[in-house]
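The values are calculated or read from the model by the stated rules, or taken from the named source; none is laboratory data. The structure displayed is predicted, hence computed values, not measured ones. In this analysis, Cβ positions are derived from the backbone assuming ideal geometry, glycine residues included, and neighbour counts consider all displayed protein chains.
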Amino acid sequence: MRKQYHFRPSANGYYAWDIDRLVSLASACKPQKVKLGDIAEIDEPFWFDRPDDIPTCRQIAVHARLIEHADLGYPVIMSPDHRIMDGMHRVLKALNTGLKTIDAVIFENTPEPDYIDVQPDELLY
């Protein structure tokens with residue numbers, strides 16, 4: 001699997017969480033059903049939220065391929081405020097296949113980020 005990070009804005013860049021670590025932390029949590037209609041990111045520019053992120057047809061095709069190959073056997077990972085930290089391609093696969101819910105692990109407390117005030121292109125992939 002490709003190296004992945006979850007990003008949230010910070011004072012001088014982004015907080016970044018290593019997805020491998022989030023998956024490890026989430027393994028101790030019990031999955032629960034979450035309504036797809038309650039996932040706000042479905043209606044937000046999730047992958048194209050930075051000013052220089054322009055969704056080209058090629059980039060959309062890459063995400064379409066990832067959605068097609070997403071495995072719904074793994075729960076998505078959410079922060080305590082029910083924001084997606086890992087699994088947006090699975091969320092969209094569930095949406096495209098007509099499901100109403102998806103399995104999710106929801107952290108009680110947001111884990112500390114692995115990086116603070118970084119830019120996505122500064123990390124190793």
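Against the definition (surrounded by fewer than 18 Cβ atoms within 10 Å (Cβ to Cβ) and touching a residue at least 60 places away in the same chain (Cβ under 8 Å)), how does ASP53 come out, yes or no? Answer is no for this residue. In this structure, does TYR115 turn out to be among the aromatic types (Phe, Trp, Tyr), touching a helix residue (DSSP H, G or I) at 6+ places or on another chain (Cβ under 9 Å) and surrounded by fewer than 16 Cβ atoms within 10 Å (Cβ to Cβ)? Considered against the rule, which asks whether it is among the aromatic types (Phe, Trp, Tyr), touching a helix residue (DSSP H, G or I) at 6+ places or on another chain (Cβ under 9 Å) and surrounded by fewer than 16 Cβ atoms within 10 Å (Cβ to Cβ), TYR115 comes out as no. Residues satisfying the criterion are present in segment 80-88 (criterion: touching a strand residue (DSSP E or B) at 6+ places or on another chain (Cβ under 6 Å), within 22 Å of LEU123 (Cα to Cα) and without any contact (Cβ under 8 Å) to a residue 24 or more places away in the chain). Limited to segment 1-56, what total is found for residues that are hydrophobic (A, V, I, L, M, F, W, C), closer than 14 Å to MET78 by Cβ and modelled with pLDDT under 95? The qualifying residues number 2. On the basis of being surrounded by 10 or more Cβ atoms within 10 Å (Cβ to Cβ) and without any contact (Cβ under 8 Å) to a residue 24 or more places away in the chain, does GLU44 make the cut? Yes. If you go through segment 92-125 and keep only what is free of Cβ contacts under 8 Å to residues at least 12 places away in the same chain and at positive phi, you end up with just GLY98.
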